[in-house]
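I have placed the structure first, in the form of structure tokens, so that the comments after it can refer back to it.
The values are calculated or read from the model by the stated rules, or taken from the named source; none is laboratory data. Just so you know, these numbers come straight off a predicted model, no measurement behind them. Cβ placement follows ideal geometry from the backbone for every residue including glycine, while neighbour counts extend to all protein chains displayed. Just the protein is used for accessible areas: all its heavy atoms, side chains included, with ligands, DNA and RNA removed. Shrake-Rupley method; radii C 1.70, N 1.55, O 1.52, S 1.80 Å.
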Amino acid sequence: QVQLVESGGGLVQPGGSLRVACTAPGSIFSLYRMGWYRQAPGKQRELVAEISTVGRTNYADSVKGRFTISRDNAKNTVYLQMNNLKPEDTAVYYCNAARFPDNYWGQGTQVTVSS
């Protein structure tokens, strides 16, 4: 079983910044598209941002201009830099590694935006 290890969640005030990170096994990282999803209470899990193996990125409209996804293949780590956070960004953030037919998830990290 592939293990994705997330870190960096926490509590931040509106307008603040936070960075979450996800480390994957070196055997898969450079071959898999990496993504961040989030799930708020009572809502479905949704894509936040994704990055291909060659660095092509895609963002949900709600986070464009505020969030940045990046990957460091040398460290087997994908990052999500979140700026100008809003209360509606509060959710559990999940790391995802995908390459058909494989699809792996991290355990999730809580991000809470509140004053």
| Residues located in region 51-60, provided they are among the hydrophobic types (A, V, I, L, M, F, W, C) and loosely packed, with under 13 Cβ neighbours inside 10 Å | VAL54
| field | Selection from region 72-115 of residues that are more than 21 Å from SER30 (Cα to Cα), small (Gly, Ala, Ser) and in a strand (DSSP E or B) | value | ALA91
| Which ones in region 80-115 are open to solvent by 70 Å² or more (accessible area, probe 1.4 Å), farther than 16 Å from ALA60 by Cβ and in contact (Cβ under 8 Å) with a residue 24 or more places away in the chain? | PRO87, ARG99, TRP105, GLN107, GLN110, SER115
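Hey, among VAL48, VAL63, which residue is over 17 Å from TRP105 (Cβ atoms), open to solvent by less than 40 Å² (accessible area, probe 1.4 Å) and either in a strand (DSSP E or B) or touching a strand residue (DSSP E or B) at 6+ places or on another chain (Cβ under 9 Å) (or both)?
Only one candidate qualifies: VAL63.
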| Does region 21-30 contain any residue that is touching a helix residue (DSSP H, G or I) at 6+ places or on another chain (Cβ under 9 Å) and among the aliphatic types (A, V, I, L, M)? | no
| Is it the case that some residue within region 3-21 is part of a strand (DSSP E or B), under 13 Å from TYR93 (Cα atoms), of a type in the set (Gly, Ala, Ser) and open to solvent by 50 Å² or more (accessible area, probe 1.4 Å)? | yes
| query | Quick one: TRP36 ticks every box in (1) within 17 Å of VAL113 (Cβ to Cβ); (2) surrounded by 18 or more Cβ atoms within 10 Å (Cβ to Cβ); (3) touching a Ser or Thr at 6+ places or on another chain (Cβ under 6 Å) bar one, so which box is it? | reply | (3)
